[in-house]
1. Can you find a residue in the range 132-151 that is touching a Leu at 6+ places or on another chain (Cβ under 9 Å), within 26 Å of H42 (Cβ to Cβ) and assigned to a loop (DSSP other than H, G, I, E, B)?
2. Output the residues belonging to the range 94-117 that are touching a residue at least 40 places away in the same chain (Cβ under 8 Å) and not in a loop (DSSP other than H, G, I, E, B).
3. Among residues belonging to the range 76-120 that are hydrophobic (A, V, I, L, M, F, W, C) and surrounded by fewer than 16 Cβ atoms within 10 Å (Cβ to Cβ), point out the one that is farthest from L142 (Cα to Cα).
4. Within the range 124-150, how many residues are open to solvent by 80 Å² or more (accessible area, probe 1.4 Å), out of contact with any helix residue (DSSP H, G or I) (no Cβ under 8 Å at 6 or more places or on another chain) and more than 18 Å from V75 (Cα to Cα)?
5. At least 3 residues that are open to solvent by 40 Å² or more (accessible area, probe 1.4 Å) and modelled with pLDDT under 80 in each: list the strands (runs of 3 or more DSSP E) lying fully within the range 1-75 that qualify.
Amino acid sequence: MRLLTLILVTSLAATATAAPDLLQERSLHWRGRSFVHLRQLHDGVPVHGSDAVFKEGPDGDRSAFSQRFHANMTVDTTPAVDAATAASKAATAVGDPDAAVSMPELVVLPSASGGVLAYRVHVKQPLGSWMVTVDAVTGAVLARTDLRRGAQGWVYEKSPANSEVVEVEL
């Protein structure tokens with residue numbers, strides 16, 4: 001598998017102006033095929049949304065399922081805000097300073113200016129779940145995404161015996 005990763009990195013280097021730093025996150029062997037997931041790094045920090053999935057068939061043919069890399073990353077990867085502060089800011093951003101939070105993940109967000117160093121924090125509440133992005137330099141909340149999925153449904157207002165069906169948000 002290391003040979004496949006080396007070949008893939010070499011082929012990427014041949015097609016790109018500069019080969020990105022890659023981390024093999026996982027691989028899967030299934031029915032004679034190998035699937036490899038690579039993640040782009042910038043100075044050892046994952047670049048959010050930048051990765052590739054490759055397949056190698058039993059006869060050695062290689063193909064990319066998907067690949068998306070970002071060039072010209074220049075952001076400094078030393079955070080000025082620590083992970084605990086980012087977690088606290090994330091919980092406060094969803095209105096619940098006591099909410100359960102995951103260990104913040106330090107990432108580089110691609111941008112035209114060379115990237116933004118940030119923490120991604122998963123915040124869990126009894127009735128919802130959020131992904132909050134906190135700037136690792138300024139501590140500002142950059143984004144707050146509600147991970148719940150909305151749905152509509154038809155239900156009986158009280159009971160099937162004595163009420164009509166109404167549309168409600170589930």
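1. yes
2. Quick first cut of the range 94-117, residues touching a residue at least 40 places away in the same chain (Cβ under 8 Å) only: 94, 105-110, 114-117.
E105, L106, V107, V108, L109, V116, L117, listed by residue number.
3. Filtering the range 76-120 for residues hydrophobic (A, V, I, L, M, F, W, C) gives 80-81, 83-84, 86-87, 90-91, 93-94, 99-101, 103, 106-109, 112, 116-118.
Cutting the leftovers down to surrounded by fewer than 16 Cβ atoms within 10 Å (Cβ to Cβ) gives us 80, 84, 100, 103, 112.
On the way: A80: 15, A84: 17, A100: 20, M103: 18, A112: 16 Å.
Applying the filter and picking the extreme gives A100.
4. 5
5. On the way: elements: 21-30, 33-42, 45-56, 62-68.
Qualifying strands (runs of 3 or more DSSP E): 21-30, 62-68.
The values are calculated or read from the model by the stated rules, or taken from the named source; none is laboratory data. As the structure is a prediction and not an experimental result, all values here were calculated from the model. Every residue, glycine among them, receives a Cβ derived from its backbone with ideal geometry; neighbour counts consider all protein chains shown. Accessible surface areas use protein heavy atoms only, side chains included; no ligands, DNA or RNA. Shrake-Rupley method; radii C 1.70, N 1.55, O 1.52, S 1.80 Å.
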